[in-house]
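Encoded as structure tokens, the structure appears first; notes follow it.
No value in this document is a laboratory result; all are computed from the given coordinates. Values in this document were obtained by computation on a predicted structure and should not be read as measured data. Neighbour counts are summed over all protein chains in view; Cβ atoms, including those assigned to glycine, are modelled from backbone coordinates with ideal geometry.
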Amino acid sequence: MAEPLWTSEEMLAAMGGRLEGGAFACTGVSIDSRSLAPGDLFVALAAERDGHEFVAAALEKGAAAALVSQPGPGRRLIVDDTLKSLEKLGAAARDRAPDARRGAVTGSVGKTSLTQMIRAGLERAGVAHGSVKSFNNHIGVPLTLARMPRMTERAIFEIGMNHAGEIAPLVRLVRPQAVAITNVGPVHTENFHDGESGVAGAKAEIFEGLEPGGVAVLNADNRPGGRCGRLRLRPDLRRPAHRLSPGGRRRASHGRLPRPAHRHRASPDRRPLGPDEPGRASDAGSPGRGAG
């Protein structure tokens, strides 16, 4: 039998609320009744669809309980606001793994690819955890945290945004010891009166939750000044001895990085979408749709 991810007692301590139907333990956390596994906690979020409409289906599929804001049949943990409670559960998951090293990735292009590459490397080094698919918004980030096992040693989180002010609360929730900005480009510029400079300022919010003495990894091709002038480091961040550029224009300790043989524009992923994926609404809305 899988080790419980959470017990009802732990969740009550983290989120408050009241329990109906008796004590339980869950082995996962889900916001989508279609992809829910037996033993998961089903979180009924109210977004594009009201997740409370799917509580009965989730319990029928074997959910350990439902996190809800409405009473009803079945085992339920009732709170005032399920999204805020999910955030509290994520914070509790972070705090119960005090030795875990956490990283966060943002950027206009390449966030998901870099996050998954980092996760693959971390998994070779020990007990690792990280974002799945593009779970990078106000739902996806706390959901990823809430799913983090207590024995996690290293974790990586993807954080996206459409507007200014969206990254800051998410990175404060994660509290990473290292962050990376893949690049700053003309993505979501329609939401910023100053175009890419505004995008750079929004991406720089990732520094706001970085732990003191943390490490920031930046793309040297996005030089401070010009349209990226708002991409500023906090003065307390550790600065690397060298900076690397994908085009090889800057020196590193081991010489120049090779120039790519082929260059191409990033294009949207055209493969069919599955449950929980950006672009397809789950029971509670998307955990990462459209966040760049």
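Net charge of the neighbourhood of Gly165, taken over other residues with C-beta under 11 Å away and scored Lys/Arg +1, Asp/Glu -1, is -3. Using 0.36 nm per residue and subtracting the Cα-Cα separation, the extra length available between Ala46 and Val217 on full extension is 58.0 nm. Counting Lys and Arg as +1 and Asp and Glu as -1 over every other residue whose Cβ lies under 14 Å from the Cβ of Gly17, the net charge comes to -1.
Would you tally the net charge around Val105, using a Cβ to Cβ cut-off of less than 13 Å, leaving Val105 out, and scoring K and R as +1, D and E as -1? Net charge in that neighbourhood comes out at +3. For region 97-228, count all C-alpha to C-alpha pairs, find those more than 25 Å apart, and express that count as a whole percent of the total. Of all Cα-Cα pairs in region 97-228, 20 percent lie more than 25 Å apart.
Within the straight-line cut-off of under 18 Å between alpha carbons, the lysines reachable from Lys111 are Lys133, Lys203, sequence neighbours fewer than 8 places apart in one chain being disregarded.
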